[in-house]
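The values are calculated or read from the model by the stated rules, or taken from the named source; none is laboratory data. If you're wondering where the values come from, they're calculated on a predicted model, not measured in any experiment. Methodologically, a virtual Cβ is constructed for each residue, glycine included, from the backbone with ideal geometry; neighbour enumeration extends over all protein chains shown.
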Amino acid sequence: MSNSYKIDLVTRYQNAFGFVAKNFSGKILNVGLSNSGLYANIEIYSINDAEFEDMILKASGIELKFGSVPFVGGNHGVLKGLFGKEVAANNIFAPPPMLSFSRQKNIKETPIAGGDGVVVENYGMRPWAIKLQGVLIDLQEHNYPFDQEKQLIELFEIQDRIDVTSELFNNKGIDSIYFTSIDLSGVEGYPDTIKYTLAAKSIKPIEFEL
């Protein structure tokens, strides 16, 4: 006999990130999760097509897939929507992280002697500074998500660039990043959930040196 229950992503995000999550969680209307044998079928309903949020991070044999909202639940724990392909539910870090991007120019300003103006020398663009914030949830056993946490830490610790497949990154000319910091902590009231924050910078593949 199968059990049906809800995964409350909205409250999880609000408890994890406070007001930051309110705009993000507005995309999520309902999450249904039903157990059937060894598999979980997931359905997330949204009024928006959010497939542009699909993302794959890959480096040194590690590949993490972040699936978009909404998912379309399939048989045997298979989800559709990640770049139009079917992916096993237990291979997805869902939902994708909240992303923020910032960038500055390399500019040198030299005051003009005896005047109130400056000479501006532009040395090009600095890398994109990127923040990724999200939650990891054990959708199978509802225990602490040790496996997902371990995979995320292993990806962070790789001493190499990380290849990114994502419309949101590609639109900014970013296809590779490197991580600079990671923060992990629990979410009050949800022992099966942890929140994470990753800081990263964009990089061209030829620029990375160990």
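If the requirement is being within 25 Å of Asp54 (Cα to Cα) and touching a Gly at 6+ places or on another chain (Cβ under 9 Å), which of these qualifies: Pro145, Pro95? If you could, list the steps in order and put the result at the bottom.
Values: Pro145 fails: touching a Gly at 6+ places or on another chain (Cβ under 9 Å).
On inspection, the qualifying residue turns out to be Pro95.
Given the conditions (1) touching a Lys or Arg at 6+ places or on another chain (Cβ under 8 Å); (2) farther than 24 Å from Phe52 by Cα, which single one is not true for Val135?
Every listed condition holds for Val135 apart from (2).
Go through (1) under 21 Å from Gly18 (Cα atoms); (2) at pLDDT below 90 and name the single condition Tyr196 misses.
Going through the list (1) under 21 Å from Gly18 (Cα atoms); (2) at pLDDT below 90, Tyr196 breaks only (2).
From the list Thr193, Thr165, exactly one residue is crowded, with 19+ Cβ neighbours inside 10 Å, hydroxyl-bearing (Ser, Thr, Tyr) and in contact (Cβ under 8 Å) with a residue 60 or more places away in the chain. Which is it?
Numbers: Thr165 fails: crowded, with 19+ Cβ neighbours inside 10 Å.
Checking each option against the conditions leaves just Thr193.
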